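**Q** Handing you this structure, nothing more for now.
The values are calculated or read from the model by the stated rules, or taken from the named source; none is laboratory data. What you see is a predicted model, and the numbers here were worked out from it, not measured in a lab. Here Cβ is always computed from backbone atoms with ideal geometry, including for glycine, and neighbour counts include all displayed protein chains. Only protein heavy atoms, including side chains, enter the accessible area calculation; ligands, DNA and RNA are left aside. Shrake-Rupley method; radii C 1.70, N 1.55, O 1.52, S 1.80 Å.
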Amino acid sequence: MTDISRRSILKTSATVALLGAVRTAFPSGAFAATAGPEVTGVKLGYIALTDAAPLIIAQEKGLFAKYGLPNVEVSKQASWGATRDNLVLGGAANGIDGAHILTPMPYLISTGKVTQNSVPVPMSIVARLNLDSQGISVAKDYAGTGVGLDASKLKEAFAAKKAGGGEVKVAMTFPGGTHDLWIRYWLAAGGIDPDKDVSTIVVPPPQMVANMKVGNMDAFCVGEPWNEQLVNQGIGFTACTTGELWKGHPEKALALRSDWIEANPNATKALLMAVMEAQQWADSMDNKEEMAAILGKRQWFNVPPKDVLGRLKGTINYGNGRVVENTGLEMKFWKEHASYPFKSHDSWFLTENIRWGKLPGDTDIKALVDKVNREDIWRAAAKDLGIAAADIPATASRGPETFFDGKVFDPENPQAYLSSLSIKAMA
């Protein structure tokens, strides 16, 4: 054995010993002092939605490789259910280690609420991927109702369809996920009970337009580019965007299996740094056309770039004769602290899942958020990346949030918010 080989083995052994000591002393906490990632890649999943752009751009622009992760895999998932199943498997078992994901899903997976045999699989949210720019769209048969932000204009039409023996189907992408919660909030604010007055069905995002085309649903909530594609194909119209329900709302997250973070703390930071840089690139208006062309590629979304571009730039063609430019409702990837995973935001999602019976009423919201939300890792990565202080929030709470119907959510008092809601499934 050469001296070089012997020194390499001793150095590697010392590093492994140090990593083991650090992880024992600081489980899920402090990062090891080694310079580079422990691995060269990670297996990530994404759904064909515009808010997956940070992962796709990081891959296309070589940013993962820039931060020492040249072997990152970003693989398309068929549905959110498939994303869940592959996260449960994990990358070592031909699944995935992390994903572009609906913000509540890591909580539902961590608590075992949506896993096979209710087995908890610990997950961690390490970043938010975007704010705003989901849509609630309605079949063109309802254009005459004038429905928009006020869902109550559908109440009579839905009741008439049911009275005639028909079923009113409202589609979302995953029970308890963001799209489920947005459309439930919108319906309930208009006096329509999403559990009694309509049937909610699960449809994967890329299949929404095709299903509405053949009459399988009356309304749906999904991210872009599918609302815009619906309008471009003349099949339906957008009643409202979710930013009109709550401007600046959180949407997708970047989540990783907690055991992967434990084993690869430096790689986790490297991954985050690449994603953060991609988010900043994606937020520039100068890059929107190039981004639409990239996302439209066959291997990513396989859609015409025009289906992506309009709402990406904040121009909304609602499909009912209304076109609004410079709405300020474009998808945000970095500005307005879009990347930072506010704990208060996660608290709202958990509170809404309690509202609709997806989580038990006695759920300790704060304890669960503290367990799953790893904004501390985001801060560590931001520090290493040299992010400006102005782009790093002072606290993990954004404080009370006000919705379009005047309801106020205070993360310090979620029970008061629940008590103010007239339609809910909880006891």
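**Q** Can you name every residue in the range 202-239 that is assigned to a strand (DSSP E or B) and more than 19 Å from the chain's Cα centre (by Cα)?
**A** Of everything in the range 202-239, those that are assigned to a strand (DSSP E or B) and more than 19 Å from the chain's Cα centre (by Cα) turn out to be A219, G236, F237, T238, A239.
**Q** Additional query: Might you check whether a residue that is part of a helix (DSSP H, G or I) and either among the acidic types (D, E) or closer than 17 Å to I261 by Cβ (or both) occurs anywhere in the range 47-54?
**A** yes
**Q** Then there is this: Out of all the residues in the range 232-249, which are crowded, with 24+ Cβ neighbours inside 10 Å and more than 21 Å from T200 (Cβ to Cβ)?
**A** G243
**Q** Kindly provide the set of residues from the range 91-131 that are in a helix (DSSP H, G or I) and either free of Cβ contacts under 8 Å to residues at least 12 places away in the same chain or within 17 Å of P175 (Cα to Cα) (or both), ordered by number.
**A** Passing the criteria: A92, A93, M105, P106, Y107, L108, I109, S110, Q116, N117, S118.
**Q** A further question follows. Answer with yes or no whether E167 is free of Cβ contacts under 8 Å to residues at least 60 places away in the same chain and part of a loop (DSSP other than H, G, I, E, B).
**A** Yes: the conditions hold for E167.
**Q** Could you tell me which of the residues K140, K43, K113 is closer than 27 Å to R184 by Cα, open to solvent by 50 Å² or more (accessible area, probe 1.4 Å), modelled with pLDDT of 95 or more and touching a strand residue (DSSP E or B) at 6+ places or on another chain (Cβ under 6 Å)?
**A** The match here is K140.
**Q** Report, by residue number, each residue of the range 270-293 that is of a type in the set (A, V, I, L, M, F, W, C) and either open to solvent by 20 Å² or more (accessible area, probe 1.4 Å) or over 20 Å from the mean Cα position of the chain (by Cα) (or both).
**A** A270, M273, W281, M285, A293
**Q** Do the conditions hold for A239, that is, is it of a type in the set (A, V, I, L, M) and touching a His at 6+ places or on another chain (Cβ under 9 Å)?
**A** When the stated conditions are applied, A239 does not pass them.
**Q** Considering only the range 256-269, I want to know if a residue exists there that is open to solvent by 20 Å² or more (accessible area, probe 1.4 Å), basic (K, R), more than 26 Å from I316 (Cα to Cα) and in a helix (DSSP H, G or I).
**A** Yes, there is a match, as at least one residue in the range 256-269 is open to solvent by 20 Å² or more (accessible area, probe 1.4 Å), basic (K, R), more than 26 Å from I316 (Cα to Cα) and in a helix (DSSP H, G or I).
**Q** Among the residues of the range 62-90, count how many are polar (S, T, N, Q) and either closer than 17 Å to P175 by Cα or surrounded by 15 or more Cβ atoms within 10 Å (Cβ to Cβ) (or both).
**A** 4
**Q** Quick one: how many residues across the range 311-337 are buried (at least 23 other Cβ atoms within 10 Å of the Cβ) and in contact with a Pro (Cβ under 9 Å, 6 or more places away or on another chain)?
**A** Of the residues in that region, 3 qualify.
**Q** Against the condition assigned to a helix (DSSP H, G or I), of a type outside the set (A, V, I, L, M) and closer than 25 Å to E244 by Cβ, how does Y417 come out, does it pass?
**A** Taking the combined requirement at face value, the residue satisfies it.
Conditions tested, residue by residue: (1) in contact with a Ser or Thr (Cβ under 9 Å, 6 or more places away or on another chain); (2) open to solvent by less than 60 Å² (accessible area, probe 1.4 Å); (3) among the charged types (D, E, K, R).
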residue	(1), (2), (3)
D97	no, yes, yes
I101	yes, yes, no
P106	yes, yes, no
I109	yes, yes, no
E156	yes, no, yes
K162	no, no, yes
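**Q** Just one of the numbered conditions (1) in contact (Cβ under 8 Å) with a residue 24 or more places away in the chain; (2) among the polar types (S, T, N, Q); (3) under 27 Å from G144 (Cα atoms) is not true of Q279; which one?
**A** All conditions pass for Q279, except number (3).
**Q** Are there any pairs with C-beta distances below 8 angstrom linking a residue in the range 248-261 that is at positive phi to a residue that is part of a helix (DSSP H, G or I) and not β-branched (V, I, T), with the two at least 6 apart or on different chains, and if so which?
**A** G248/E336
**Q** Which one is most open to solvent (accessible area, probe 1.4 Å) among residues in the range 194-210 that are in contact (Cβ under 8 Å) with a residue 12 or more places away in the chain and among the hydrophobic types (A, V, I, L, M, F, W, C)?
**A** V202
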